[in-house]
Amino acid sequence: MGASAAGKAEVAAGMAAAMPLALFVLLLLGPGGWCLAEPQRDSLREELVITPLPSGDVAATFQFRTRWDSELQREGVSHYRLFPKALGQLISKYSLRELHLSFTQGFWRTRYWGPPFLQAPSGAELWVWFQDTVTNVDKSWKELSNVLSGIFCASLNFIDSTNTVTPTASFKPLGLANDTDHYFLRYAVLPREVVCTENLTPWKKLLPCSSKAGLSVLLKADRLFHTSYHSQAVHIRPVCRNARCTSISWELRQTLSVVFDAFITGQGKKDWSLFRMFSRTLTEPCPLASESRVYVDITNYNQDNETLEVNPPPTTTYQDVILGTRKTYAIYDLLDTATINNSRNLNIQLKWKRPAENGYIHYQPAQDRLQPHLLEMLIQLPANSVTKVSIQFERALLKWTEYTPDPNHGFYVSPSVLSALVPSMVAAKPVDWEESPLFNSLFPVSDGSNYFVRLYTEPLLVNLPTPDFSMPYNVICLTCTVVAVCYGSFYNLLTRTFHIEEPRTGGLAKRLANLIRRIRGVPLL
Amino acid sequence: MAVSHCFSRAASAFTAVLLFSFGCVAASHIEDQAEQFFRSGHTNNWAVLVCTSRFWFNYRHVANTLSVYRSVKRLGIPDSHIVLMLADDMACNPRNPKPATVFSHKNMELNVYGDDVEVDYRSYEVTVENFLRVLTGRIPPSTPRSKRLLSDDRSNILIYMTGHGGNGFLKFQDSEEITNIELADAFEQMWQKRRYNELLFIIDTCQGASMYERFYSPNIMALASSQVGEDSLSHQPDPAIGVHLMDRYTFYVLEFLEEINPASQTNMNDLFQVCPKSLCVSTPGHRTDLFQRDPKNVLITDFFGSVRKVEITTETINLQQDSEIMESSYKEDQMDEELMEPLKYAEQLPVAQIIHQ
């Protein structure tokens with residue numbers, strides 16, 4: 001305790017100016033002092049990208065990335081700081097290599113909105129790469145989906161062999177992978193899954209600052225669900241810890257994309273502000289974050305002689321080739337003091353093309369009540385053309401117990417996935433993942449002449465002929481009526497006796513006597 | 001001398017008697033305090049809240065269940081002790097003009113959905129089988145913890161059910177029903193397995209009293225919104241949302257519960273008086289013959305709240321520094337394996353590799 005002795009000596013000097021300094025030194029070198037000698041092994045970066053869309057709508061994409069320099073494969077990890085314990089325990093218990101889970105409501109309209117940073121299919125999508133040490137992948141997959149359904153309050157427990165596939169060519173790992181045996185990959189989609197506040201709440205609780213500080217204060221459910229498109233996702237994967245890439249860090253990315261509709265949120269005007277979108281403004285960064293930034297897309301394209309204006313004026317801008325085109329972003333750094341942004345005017349437009357060619361086809365037909373159809377095709381698309389891919393199918397009859405309680409709603413067919421390499425109009429230089437913003441490092445890029453993108457179509461809602469569930473009731477009524485009429489008639493025929501009635505003769509006296517007898521209930525004369 | 005000796009002996013005897021009587025009074029006072037401390041006999045609270053109706057026009061059943069959920073959370077039962085089952089999603093329904101909200105009062109005064117809701121069973125998961133499995137505890141082993149009713153023999157459980165019902169049955173999602181006999185048998189299973197200390201069963205459906213007619217297990221108290229042959233009616237529509245927002249019985253129960261705080265001493269007899277025929281049009285009923293305690297001794301917070309028995313101590317406890325433990329765990333974390341060869345990322349679309357697969 002030599003340090004505390006030094007502190008006491010300073011206090012003993014008795015100078016008033018030295019007192020606060022002495023207290024500060026005491027605190028630093030006291031019992032907790034040795035903690036500061038160790039650098040923290042996890043870090044948080046948070047980012048919001050606001051992209052104005054051509055139709056007057058605006059898209060907002062949040063990303064929260066926690067990176068943890070630790071080997072989670074060994075047992076006995078018990079000290080969790082920023083990385084959430086619920087997910088860390090999943091990685092070690094089920095030997096996960098990668099996990100991607102998304103909940104989406106709505107559809108990203110690429111034709112009107114341009115390409116997305118990261119699209120997800122409508123409903124819930126879960127795809128997981130297991131480590132090659134896992135012996136029974138299907139059993140781990142089933143248990144994992146049950147655990148995730150409890151964490152995220154979703155019906156992921158409905159994932160079973162009837163909606164799980166093992167893609168053979170797509171969904172390569174997005175993180176570090178030295179070999180890719182697709183046996184350890186599982187993919188499932190639940191298109192009927194609803195996203196609502198009960199899914200957002202546990203997602204928010206995984207963030208280090210929850211929804212108390214930083215960019216996450218903007219995550220208010222009543223604004224986020226009043227949108228044309230809402231997609232929230234959790235991505236876990238191993239990444240390089242340093243440039244030499246000799247050890248692994250675990251990266252957790254939580255992404256949330258919403259598109260605010262100009263007409264829903266007021267009078268169709270194109271003026272947007274943080275307050276109008278989220279009914280909140282940013283006040284402070286998350287104290288646990290090493291980086292907390294807002295990017296606004298200010299690429300100036302002249303459409304109808306309108307240009308983009310941003311208020312307050314940004315201190316720095318960022319230019320790069322994003323998804324094939326050069327873009328400029330205004331940066332607002334929350335860790336920089338006195339940076340609070342309020343409103344901006346803007347307009348933008350995006351175009352892009354694709355190639356096509358037949359190279360590879362893999363088809364796995366469905367087996368009733370066991371596995372779904374799987375069709376994978378590798379196509380090279382020619383320039384300036386339209387390529388249509390269509391599949392015909394027949395609708396089979398279901399057993400009456402297999403209908404959902406609301407069969408008139410229809411049955412969903414999962415959306416199709418398009419994974420594409422698109423030639424880039426401008427050559428991109430290789431990206432340094434630690435320096436560049438998070439939205440530029442979602443997919444690893446091998447060469448700069450093209451970029452990778454993954455898109456989804458809408459799910460298909462098929463109307464199956466619905467049996468009339470009231471028929472059993474109708475049949476019972478009809479049968480009982482028929483039986484009653486037939487049996488009743490026979491019963492009457494067999495048990496009814498016939499009396500012969502004499503015509504009544506007699507005078508008034510006899511009639512009076514009969515009247516009295518009738519009143520008494522006695523047989524008549 | 002002898003007189004003073006006698007006198008002193010009498011005085012000592014008198015003081016002894018006085019002390020003895022004081023001791024008796026003090027002991028009985030402590031006994032009273034102890035008895036009050038352990039009056040109810042339960043140590044933890046659980047709630048199972050079920051809404052069994054699907055489709056937008058049954059908005060009021062979801063609002064009923066969420067208003068009870070809100071009261072129960074407000075009075076202290078945590079989410080980990082509440083099993084909430086909603087058969088349909090009203091808040092994010094495409095027909096809801098105000099997404100992520102469920103209102104109980106017209107003019108959108110009270111949003112019972114809130115910002116911090118945790119729905120354990122939703123949509124197609126709300127079935128008779130899942131409900132009975134939750135009650136009896138016979139759940140598949142992979143069920144997550146939030147979907148289980150982990151009660152013991154010192155748990156007070158509140159069970160609230162709402163939906164469409166009839167004489168002796170309750171309809172689940174318009175495709176199956178649960179009968180009052182099945183429900184009574186499920187409660188008997190719970191009693192045999194010692195899964196509850198006391199149970200309060202509230203039901204808000206048409207002819208709700210028929211659902212508790214068949215109970216035969218001890219320590220069950222039941223309330224219903226209407227008698228056999230009567231319909232439970234809904235309360236008020238909201239023109240902006242376009243549907244009825246709540247049922248009458250639960251609406252007045254919610255107003256009653258809004259007055260309760262965790263320290264209140266209101267008892268069950270007041271809950272029986274909620275919603276007389278003039279307000280509810282139907283006649284609410286209750287059943288207490290299986291319950292051992294007198295309802296006037298049963299606090300509302302025994303079932304709706306989670307009042308913990310707390311003993312305050314003024315001792316100081318010295319906590320040991322665990323710096324040695326933390327230091328060793330940090331050193332362990334540092335010894336990660338460094339691989340010889342560098343790792344690399346996989347190619348997302350390796351065309352040549354796929355074609356030659």
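The values are calculated or read from the model by the stated rules, or taken from the named source; none is laboratory data. As the structure is a computational prediction, the values presented were derived from the model and not from experiment. Positions of Cβ are generated from backbone atoms using ideal geometry, with glycine treated the same way; all protein chains shown enter the neighbour counts.
General observations
- Apart from one condition, B:D120 fits all of (1) more than 19 Å from A:L200 (Cβ to Cβ); (2) within 14 Å of chain A (Cβ to nearest Cβ); (3) not β-branched (V, I, T); the exception is (1).
- The residue list B:V307, B:V274 contains one member that is away from chain A (no Cβ under 14 Å) and either under 30 Å from B:R214 (Cα atoms) or at pLDDT 80 or above (or both), which is B:V274.
- Residue within the range B:80-99 that is at positive phi and either modelled with pLDDT of 90 or more or under 18 Å from the mean Cα position of the chain (by Cα) (or both) present: no
- Within the range B:197-215, tally of residues that are over 16 Å from the mean Cα position of the chain (by Cα) and either free of Cβ contacts under 8 Å to residues at least 60 places away in the same chain or surrounded by fewer than 23 Cβ atoms within 10 Å (Cβ to Cβ) (or both): 8
- Inter-residue pairs, beta-carbon under 8 Å, first surrounded by 10 or more Cβ atoms within 10 Å (Cβ to Cβ) and in the range B:292-316, second among the basic types (K, R) and in a loop (DSSP other than H, G, I, E, B), 6+ apart: B:N297/B:R39
- The residues of the range A:211-233 that are modelled with pLDDT of 90 or more, out of contact with any Leu (no Cβ under 8 Å at 6 or more places or on another chain) and of a type in the set (G, A, S) amount to a single one, A:S228.
- Contacts under 7 angstrom Cβ, first residue in the range A:285-299 being among the small types (G, A, S), partner part of a strand (DSSP E or B), 6 or more apart: A:A289/A:L44; A:A289/A:R45; A:A289/A:E46; A:S290/A:S43; A:S290/A:L44; A:S290/A:R45; A:S292/A:E46
- Of all residues in the range B:123-145, those satisfying the criterion of being in contact (Cβ under 8 Å) with a residue 40 or more places away in the chain, closer than 25 Å to A:E193 by Cβ and more than 10 Å from chain A (Cβ to nearest Cβ) are B:V128, B:N130, B:F131, B:L132, B:V134.
- Checking A:S102 against (1) away from every other protein chain (no Cβ under 12 Å); (2) within 13 Å of the chain's Cα centre (by Cα); (3) farther than 30 Å from A:T299 by Cβ, the condition it does not meet: (3)
- Among residues of the range A:185-236 being at the interface with chain B (Cβ under 8 Å from one of its Cβ atoms) and basic (K, R), the one that is surrounded by the most Cβ atoms within 10 Å (Cβ to Cβ) is A:R192.
For (1) surrounded by fewer than 24 Cβ atoms within 10 Å (Cβ to Cβ); (2) under 22 Å from A:Q105 (Cα atoms), each residue gets a yes or a no:
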| residue | (1), (2) |
| --- | --- |
| B:T65 | no, no |
| B:V68 | no, no |
| B:C92 | yes, yes |
| B:R95 | yes, yes |
| B:T101 | yes, yes |
| B:K106 | yes, no |
| B:D116 | yes, yes |
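- When A:Y473 is tested against (1) hydroxyl-bearing (S, T, Y); (2) farther than 23 Å from A:G123 by Cβ; (3) assigned to a loop (DSSP other than H, G, I, E, B), just one condition goes unmet, and that condition is (3).
- Of the criteria (1) out of contact with any strand residue (DSSP E or B) (no Cβ under 9 Å at 6 or more places or on another chain); (2) within 23 Å of A:F62 (Cβ to Cβ), which one A:V431 fails: (1)
- The numbered conditions (1) over 29 Å from A:L144 (Cα atoms); (2) surrounded by fewer than 18 Cβ atoms within 10 Å (Cβ to Cβ) are all true for B:V72 except (2).
- When we screen A:L174, A:L252, A:L274 for residues that are within 12 Å of chain B (Cβ to nearest Cβ) and at negative phi, the only hit is A:L174.
- For the range A:157-171, taking the residues that are surrounded by fewer than 22 Cβ atoms within 10 Å (Cβ to Cβ) and over 30 Å from B:Y121 (Cβ atoms), the one that is nearest to the other protein chains (Cβ to nearest Cβ) is identified as A:A169.
- Residues satisfying the stated conditions in the range B:231-263, i.e. among the charged types (D, E, K, R) and either out of contact with any helix residue (DSSP H, G or I) (no Cβ under 9 Å at 6 or more places or on another chain) or closer than 26 Å to B:L170 by Cα (or both): B:D231, B:D247, B:R248, B:E255, B:E259
For (1) surrounded by 14 or more Cβ atoms within 10 Å (Cβ to Cβ); (2) under 22 Å from A:T104 (Cβ atoms), each residue gets a yes or a no:
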position	(1), (2)
A:Y412	yes, yes
A:L421	yes, no
A:V426	no, no
A:E435	no, no
A:G448	yes, no
A:L464	yes, no
A:F469	no, no
A:T479	no, no
A:V485	no, no
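- Only one of A:R74, A:R97 that is over 26 Å from A:S161 (Cβ atoms) and at pLDDT below 95: A:R74
- Annotation: of all residues in the range A:105-156 being assigned to a helix (DSSP H, G or I) and away from chain B (no Cβ under 14 Å), the one that is nearest to A:S414 (Cα to Cα) is A:T110.
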